[in-house]
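Readers should treat all values here as calculations from the given coordinates under stated rules, not as data from a laboratory. Computed from a predicted model, the values in this text were never measured in an experiment. Positions of Cβ are generated from backbone atoms using ideal geometry, with glycine treated the same way; all protein chains shown enter the neighbour counts.
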């Protein structure tokens, strides 16, 4: 079995986008992050992902990303599929990172081209061309219009479809429209050993899986991986009624409540309640966090809806 085929076989079900723990001085609490990752892997979380938004790459140095990529991969140690992501770099820096990720045990890398430059199809294809030969580590593409367009232009869609046929490219993470763009990726890539991944929700995946999407980013998995795994098994088994019940009971209340607070603080609070993080602080200079009555309100929600309790 080729490396890409093995990766694609494991790229299924819930993906946890890794929210990081920041100290008061803006540095990352590596030990807290690794303890949390160790628990996720021990719970058989299918995929763990370091990624631009949830992992707050804007507030990391290159040294941080290099170091965290190694520590997370070594902590997972093959128990979950480990996916890291690049920064907004020139291709030559990206080539160096691919070699580093490969050397420290990462299973795949998501290539993140700076969306603020509004890259067209030629730029996207050319970027991947310049990565050829750097490493045989499996790659994922990334679609994020970053607010500058509503749906993919034809040349961008064609670029992704073409790149997706390359033997070391195993998928695309869709952060574009969760219906139109998601379906377009599924339509173009299914059957070419390349996975279309929802950016996503359980409700997105319930639709996408029926058309060929094998995996999705999950808002529940960071603190209840058991529930996310149960949902994935139900979808895989075709038990739509039971899968929808999980959406109605858990995901819909989650999204409704999360709309009243900072999303990253909200998810970090869940990890804090579990006992892994000492705070729920964001990485940007505002150091936004939830304490006192606000934290107690978040805590009550997680306890009431998800029966969340400390595990350490």
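To the nearest Å, what is the center-to-center distance of the range 35-63 and the range 185-235, using C-alpha atoms only? Here the answer is 18 Å between Cα centres. If the segment from residue 31 to residue 6 were pulled out straight at 0.36 nm per residue, it would be longer than the present Cα-Cα gap by 6.0 nm. Cα gyration tensor of the range 142-286, axes a ≥ b ≥ c as square roots of the eigenvalues: rounded (a/c below 1.5), prolate (a/b > b/c) or oblate? Verdict is oblate for the range 142-286.
Pulled fully out, how much extra length does the chain show between residue 294 and residue 118, if you take 0.36 nm times their separation in residues and subtract their Cα-Cα distance?
Numbers: separation 176, 0.36 × 176 = 63.36 nm, distance 3.82 nm.
Taking residue 294 through residue 118 to full extension adds about 59.5 nm, to one decimal.
Please report how far the C-alpha centroid of the range 264-305 lies from that of the range 93-160, rounded to the nearest whole angstrom. Result: 32 Å between the Cα centres.
Between residue 210 and residue 190, 0.36 nm times their residue separation minus their Cα-Cα distance comes to what? All intermediate terms of the calculation are to be shown ahead of the outcome.
Details: separation 20, 0.36 × 20 = 7.20 nm, distance 1.17 nm.
Between residue 210 and residue 190, full extension yields 6.0 nm more.
What ranking of 190, 286 emerges when the number of other C-beta atoms within 10 Å of each C-beta is taken as an exposure proxy, fewest first?
Working: 190 16, 286 9.
By the 10 Å Cβ count, ascending: 286, 190.
Here the residues 246, 156, ranked from fewest to most Cβ neighbours within 10 Å of their Cβ, fall in the order 246, 156. Counting only DSSP beta bridges with both residues in the chain, the antiparallel share comes to about 5 percent. Legend: Rg and Dmax of the range 249-312, from Cα coordinates, 11.3, 36 Å. Panel order for 142, 59, by other beta carbons found within 10 Å of each beta carbon, from fewest to most: 59, 142.
Using 1/(1 + (r/R0)^6) with R0 = 25 angstrom and r between the beta carbons of residue 88 and residue 226, what's the FRET efficiency to the nearest 0.05? List each step's numbers first, then the result.
Working: r = 35 Å, r/R0 = 1.41.
The pair residue 88/residue 226 has a calculated efficiency of 0.10.
Each label point was placed 7 Å from the Cα along the Cα-to-Cβ direction; for residue 284 and residue 179 their separation is 2.9 nm.
Under 1.5 on a/c is rounded, so check that first for the range 1-102, then, if it is not, pick prolate when a/b is larger than b/c and oblate when it is not; a ≥ b ≥ c are the square roots of the alpha carbon gyration tensor eigenvalues. Write out the running numbers ahead of the final one.
Details: a/c = 1.97, a/b = 1.16, b/c = 1.69.
In terms of gyration-tensor shape, oblate.
What does the C-alpha gyration tensor say about the overall shape of the range 154-193? Classify as rounded when a/c is under 1.5, otherwise prolate if a/b is larger than b/c, or oblate. Here the range 154-193 falls in the prolate category.
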